[in-house]
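The values are calculated or read from the model by the stated rules, or taken from the named source; none is laboratory data. Only a predicted model underlies this, so the values are computations on that prediction, with no experimental measurement involved. Every residue, glycine among them, receives a Cβ derived from its backbone with ideal geometry; neighbour counts consider all protein chains shown. Heavy atoms of the whole protein, side chains included, go into the accessibility calculation; ligands, DNA and RNA do not. Shrake-Rupley method; radii C 1.70, N 1.55, O 1.52, S 1.80 Å.
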Amino acid sequence: MTMYEINHHLTDELLMSYSAGTLPEAFSIAVAAHLSMCDECRAQAATFDAIGGAILEEGRAEMSADALAKALGRIRGSKPEARRAPPVKSDLPAPVRDYVGGDLASIRWKPVGGGVKQALLHDDGVATARLLCIPGGASVPDHGHAGTELTLVLKGAFADEYDRFGPGDIEVADEDVDHQPVAEPGADCICLAATDARLRFHGWIPRLAGRIMRI
């Protein structure tokens, strides 16, 4: 049984892309972290893995002798492992710890304004994954999206114009979403955010900061 009460899950499209190994690495980090926290999505991902294996098995007669091994190698090499959350208490899910090299105490935060801090985990020019620390009661500037943003809550909670998101919840935002996430009072909200395009901040000061910080 999961130790999180999760109300916001990954889409089937994201789960299928993760299973196929076609997601950018930054998105794979977010998906793997969510899967390590969410029993429901982990079970669904296992179903897609099984379907993919069956498809490969059905097409074996048309493939070269080493095609399956190569395909599995590409999948395993292109996505972080979605391990079940360990029973021991930890600040971060295993896929995130693998990139941080430890728990929250190991993170080297950099201020981005308004008390918000970030730590870049991965940026390959295709997509970016970063950790965000939003002080309780503080907000991220109002913004839209030029692409897709996955925001996974690791600790604390935030709310925006659409809903509330607590530990394990993941918000999938696209070009149609404009919002201003606000951390719940009382505790910092720690999030993992993966994006494949710059955010569209509506204020000129956040826009300037976004260019400088490459957000």
Exercise for review: State the percentage of accessible surface on the stretch 94-213 attributable to carbon and sulfur atoms; use a 1.4 Å probe and exclude ligands, DNA and RNA.
Suggested key: 52
Review point. Among residues other than D169 whose Cβ falls under 13 Å from its Cβ, what is the net charge (Lys/Arg +1, Asp/Glu -1)?
Key: -4
Point to revise | For the stretch 94-213: relative contact order, % (alpha-carbon pairs under 8 angstrom, 6 or more apart) | key: 28
